[in-house]
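The values are calculated or read from the model by the stated rules, or taken from the named source; none is laboratory data. Since the structure is predicted, the reported quantities are computational estimates derived from the model, not experimental observations. When we count neighbours, we look across all protein chains shown, and the Cβ atoms used for this are built from the backbone with ideal geometry, even at glycine.
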Amino acid sequence: MDSNDVRRQWADRSGEYSPEYYAYYGADETSESVLDVLSESLAREASVLELGCSSGRHLAHLREAGFADLSGIELNEDAFDVMAEQYPELRESGTFYAQPIEDVIGDFEDGQFDAVYSVQTLQHIHPDDAEWVFDEIARITGDVLVTVEIEDAAADAEREENDDDPDVNYVRDEFPLYYRDWRSIFTDLGLEQTERRDGKRDTLRAFRQQ
């Protein structure tokens with residue numbers, strides 16, 4: 001499966017892990033954790049970008065808490081119809097890009113966003129694009145970067161038992177999840193890790209520009 005196949009699967013996603021699926025469940029503990037980390041470092045006027053925002057449940061939680069300058073990237077265009085229905089104020093006030101991360105991230109200026117975050121999104125970036133995409137994420141982050149990703153195969157409850165590749169898991173035999181060392185990736189790009197929170201399956205890491 002190449003990078004185009006991965007993007008196509010997410011762009012056409014319906015049912016489980018679709019925009020409707022996430023809107024149904026709404027804000028969760030991860031939403032609160034992202035809000036907590038950003039609130040520790042940033043004023044409510046800060047510009048915030050979510051990578052892979054889907055229908056916007058995490059951004060809507062930030063908006064309810066007073067963050068107003070919100071943006072999101074999402075390749076599944078149906079997500080924005082769901083957002084308009086479930087979170088109309090967010091859809092109207094935010095800035096959104098209906099494109100793959102790989103197609104739009106290079107258009108942003110250095111340090112354009114005070115905060116950039118992802119929730120179980122970067123783990124699906126294909127290795128063919130990973131190095132340059134992660135470099136671009138570090139470049140556009142003005143202050144704070146937050147990753148909430150599944151890092152450890154042993155902690156991944158949905159991992160196939162007989163999968164003999166320790167670095168990737170094909171979730172539901174469909175789309176790949178790549179296990180990566182996010183601390184090393186972003187500290188090697190010049191950021192400093194300031195916080196780590198371990199969840200049941202994923203790990204939140206906060207980084208700051210030095």
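Test D103 against the criterion of being within 16 Å of L51 (Cβ to Cβ), among the acidic types (D, E) and assigned to a strand (DSSP E or B), and give yes or no.
It is false that D103 is within 16 Å of L51 (Cβ to Cβ), among the acidic types (D, E) and assigned to a strand (DSSP E or B).
Any residue in the range 130-145 that is at pLDDT below 95 and in contact with a strand residue (DSSP E or B) (Cβ under 9 Å, 6 or more places away or on another chain)?
yes
Only one residue in L75, L51, L59 is crowded, with 19+ Cβ neighbours inside 10 Å, within 14 Å of the chain's Cα centre (by Cα) and over 17 Å from V148 (Cα atoms). Which one?
Details: L51 fails: over 17 Å from V148 (Cα atoms); L59 fails: over 17 Å from V148 (Cα atoms).
Every option except L75 fails the conditions.
L189 is checked against (1) closer than 23 Å to E40 by Cβ; (2) assigned to a strand (DSSP E or B) and fails just one. What number does that condition carry?
(2)
Across the range 67-104, which residue is modelled with the highest pLDDT among those that are of a type in the set (V, I, T), in contact with a Gly (Cβ under 9 Å, 6 or more places away or on another chain) and farther than 22 Å from E45 by Cα?
Per the criteria, the residue is I101.
Say whether the condition of being within 18 Å of E50 (Cβ to Cβ), touching an Asp or Glu at 6+ places or on another chain (Cβ under 9 Å) and either modelled with pLDDT of 90 or more or part of a helix (DSSP H, G or I) (or both) is met by at least one residue in the range 157-180.
No, the range 157-180 contains no residue that is within 18 Å of E50 (Cβ to Cβ), touching an Asp or Glu at 6+ places or on another chain (Cβ under 9 Å) and either modelled with pLDDT of 90 or more or part of a helix (DSSP H, G or I) (or both).
In the range 192-210, which residue that is among the polar types (S, T, N, Q) and outside any loop (DSSP other than H, G, I, E, B) is nearest to D135 (Cα to Cα)?
So, considering only residues that are among the polar types (S, T, N, Q) and outside any loop (DSSP other than H, G, I, E, B), the one nearest to D135 (Cα to Cα) is Q209.
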